[in-house]
Amino acid sequence: MARHERSARMRIGILGTGTLAAALGEGWARAGHELTVAGRSPSKVRELADRLGGGARAVPPRQAVEDRDAVLLAVSWQGAEDMLRGAGAADGSLAGTPLIDPTNAVEHGVGVLLPGPGAAMAHRVARLSPGAHVVKAFNVFPSAQWTHAGDEPPVTVAMCGDDPGALRVVGDLVRDVGGVPALLGPLARARQLEEVAGFVIGLAFAGTDPGSAVPRLPSNTA
C-alpha cells in the first residue's frame, strides 16, 4: 500500500497535555507541522512541547489558537468549557478555524452518554466557540492507536462537520497520523458518532472486543 503523501505544512494549536494530545501531536510533528501547545499546568505544557520537538512552543491557551490552520481540543469533556474560555472562544478567537473535537461525555466504564437526549458534546463545543468550524473526529480509538509506526493497515476515522474546508483540513491531519478519513455527515450527526464511542467503551470495559461485534462486509472480488 502506498504511503500517504504529507500534506502541506500547517499551523496547529493543541489544547491539552494528555495522552491523545501527545499521540496526535507526535504524529503531526513528524509530518512537519508547526505546533503550539497549551494547558492548565505550565510545567506539563513545557514538557509536552519539549517532547514533541520540531520547534513546538508552549504558550498560553489564547495564544495557542491564534493564526492556526486547525485546533485540537484534547481535554476531558469536563474540562472543555474552562479550556475554551481560557482560549477566548466566547470572544470569537476560534471563528473561522477548524476545531477538532474528540471528547466523549460518557459515564466511565459504562459508555452511557451524559448529554441530554438528542444532545451531543460536539454541539456544546460549538455553542461555546461561536464561529468555529467544529469537526467531530478522533473520538473512537484510544490514543495508543496513533503511537505506532504506521506499518499496520490504516484505520477509518469517522468525522462529522458542516464546513467543507474544515473537513478537508481535518482529513489531511487524519492521513498524517496513518488514518483514513470518512465523512459520516454534518455536525447534526455527531450524537451518533459519540454513541459509537460509548458502544466501544462499554464493550471494552465489559471484556469484549468491540471489533467482534461489528459485521465485516465481504471483500469485493469482482
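The values are calculated or read from the model by the stated rules, or taken from the named source; none is laboratory data. Fair warning: this is a prediction, and the values are worked out from it, not measured in the lab. Positions of Cβ are generated from backbone atoms using ideal geometry, with glycine treated the same way; all protein chains shown enter the neighbour counts. Just so you know, the surface numbers come from the protein's heavy atoms only, side chains and all, with ligands and any DNA or RNA stripped out. Shrake-Rupley method; radii C 1.70, N 1.55, O 1.52, S 1.80 Å.
When restricted to residues that are open to solvent by 60 Å² or more (accessible area, probe 1.4 Å) and either part of a helix (DSSP H, G or I) or on the phi < 0 side of the Ramachandran plot (or both), region 196-207 contains 4.
Condition first: in a loop (DSSP other than H, G, I, E, B) and within 15 Å of ASN139 (Cβ to Cβ). Now tell me which residues in region 76-107 satisfy that. Listed by number, the residues that qualify are SER76, PRO102, THR103, ASN104, ALA105.
Taken together, LEU217, LEU183, LEU193 contain a single residue that is open to solvent by 90 Å² or more (accessible area, probe 1.4 Å), closer than 16 Å to THR156 by Cα and at pLDDT 90 or above, which is LEU183. Report the residue count in region 3-53 for those that are assigned to a loop (DSSP other than H, G, I, E, B), open to solvent by 70 Å² or more (accessible area, probe 1.4 Å) and over 23 Å from GLY171 (Cβ atoms). Going through region 3-53 one residue at a time, the tally reaches 1. When ARG168 is tested against (1) open to solvent by 40 Å² or more (accessible area, probe 1.4 Å); (2) of a type in the set (Lys, Arg); (3) touching a Leu at 6+ places or on another chain (Cβ under 7 Å), only condition (3) is not met.
Among the candidates LEU187, LEU183, LEU167, the residue that is under 15 Å from the mean Cα position of the chain (by Cα) and under 20 Å from VAL106 (Cα atoms) is uniquely LEU187.
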